[in-house]
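I have placed the structure first, in the form of structure tokens, so that the comments after it can refer back to it.
The values are calculated or read from the model by the stated rules, or taken from the named source; none is laboratory data. Please read these numbers as outputs of a predicted model, since none were measured by experiment. Reconstructed Cβ throughout: ideal geometry from the backbone, glycine too, with neighbour counts over all protein chains shown.
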Amino acid sequence: MAVGLLHPGEMGAAIGATLVARGERILWASAGRSEATRARAEAARLDDVGEVAELCRRCDVLISVCPPHAAQDVARRVEGFAGIYLDANAVSPETARRISASLPRFVDGGIVGPPPREAGTTRLYISGEEAGSVAALFAGTTVEAKLVPGEPGAASAVKMAYAGWTKGSAALLLATRALARAEGVEETLVQEWRMSLPELDAQSVAASRSARGKGWRWVGEMHEIASAFAACGLPREFHEAAAEVYDRVSRRSAMGESDLDGVLQALGDPPPHRPTDAC
């Protein structure tokens, strides 16, 4: 099958490189894309066909891996595509079903794990009538394709539930540490963590590093998770708050502090000194 990759970012380019290593020829369209995207595509050994229309004409499969807020716009650009369209974006089940309405051979996907540079790290959950063909495409690569029973939306539900905890809890941990810093009790909190929850200090540092580097991509993902929760009658506010955490961080990403200091400052500068009430 001829395979096209839409908008190869860090994850998409790595997936393309994985398929190239398997012996597939992977096409992409450079029109309107940035120099950084072009460099990633070249490093992944993707073949440029220029325009998206040419990509649609020449490919049997199109793979979309982009920030979730762009997933529907990317799909609109290929409406009428007759081949298999794999949407591997972090979108809600409802968004996946909405996209599938205009693409008759739609496969729903959700990626768990980092860009696939070695086997055993990255899973691609897929659902839909033609999910088996996508699984066969990735057989023997560093991406483990896992079939999810059900129609389009099922694989996205797995991704939403998984990221709802991993990225949602990371946002809560960062906000918690920001609260302690703002109140001047951060060191006391960290000392208590070291006694009762020793993993949290390191986890908060790792969360700050991830938020600083990738938080801009996670804002839309948190909104998608919030929508998925709301569609099931569950509170959406957890992940709307997480979206705000990542949005604040992404808007201050140019600051020069360490990851942790920069993130905590972005979440809320410490208040000015408050005099003690007189007795």
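Only one of (1) part of a loop (DSSP other than H, G, I, E, B); (2) surrounded by fewer than 23 Cβ atoms within 10 Å (Cβ to Cβ) fails for Asn89. Which number is that?
(2)
Taking the condition of being in contact with a helix residue (DSSP H, G or I) (Cβ under 7 Å, 6 or more places away or on another chain), under 18 Å from Leu137 (Cβ atoms) and of a type in the set (Lys, Arg), how many residues in the range 106-123 meet it?
0
Please work out if Arg117 is out of contact with any Gly (no Cβ under 7 Å at 6 or more places or on another chain) and either under 30 Å from Ala241 (Cα atoms) or acidic (Asp, Glu) (or both). It would help to see each step written out before you state the result.
Numbers: out of contact with any Gly (no Cβ under 7 Å at 6 or more places or on another chain): yes; either under 30 Å from Ala241 (Cα atoms) or acidic (Asp, Glu) (or both): no.
Taking the combined requirement at face value, the residue does not satisfy it.
So which of Arg217, Arg212 is at pLDDT below 95 and touching an Asp or Glu at 6+ places or on another chain (Cβ under 6 Å)? Talk me through it step by step, then tell me what you get.
Numbers: Arg217 fails: touching an Asp or Glu at 6+ places or on another chain (Cβ under 6 Å).
Residue meeting the stated conditions: Arg212.
Could you tell me how many of the residues in the range 1-41 are touching a residue at least 40 places away in the same chain (Cβ under 8 Å) and of a type in the set (Lys, Arg)?
So the count comes out to 1.
List every residue pair whose Cβ atoms lie under 8 Å apart, where the two residues are 6 or more positions apart in sequence or sit on different chains, the first residue falls within the range 140-156 and is under 24 Å from Arg117 (Cβ atoms) and among the acidic types (Asp, Glu), and the second residue, located anywhere, is modelled with pLDDT of 95 or more and not in a helix (DSSP H, G or I).
Glu144/Thr122; Glu144/Arg123; Glu144/Leu124
Output the qualifying pairs, or none if there are none: Cβ atoms under 7 angstrom, residues six or more apart or on different chains, first residue in the range 174-191 and assigned by TED's automatic domain parsing to the domain that holds Asp259, second residue not polar (S, T, N, Q) and not in a helix (DSSP H, G or I).
Ala178/Gly268; Arg181/Pro270; Ala182/Gly268; Ala182/Pro270; Ala182/Pro271
On the basis of being within 19 Å of Trp218 (Cβ to Cβ), touching a residue at least 12 places away in the same chain (Cβ under 8 Å) and in the same structural domain as Ala242 (by TED's automatic domain parsing), does Ala163 make the cut?
Values: within 19 Å of Trp218 (Cβ to Cβ): yes; touching a residue at least 12 places away in the same chain (Cβ under 8 Å): yes; in the same structural domain as Ala242 (by TED's automatic domain parsing): yes.
The answer is yes for Ala163.
Taking the range 224-254, which residues are closer than 19 Å to Ala155 by Cα, surrounded by fewer than 22 Cβ atoms within 10 Å (Cβ to Cβ) and in contact (Cβ under 8 Å) with a residue 24 or more places away in the chain?
Ser227, Phe229, Ala231
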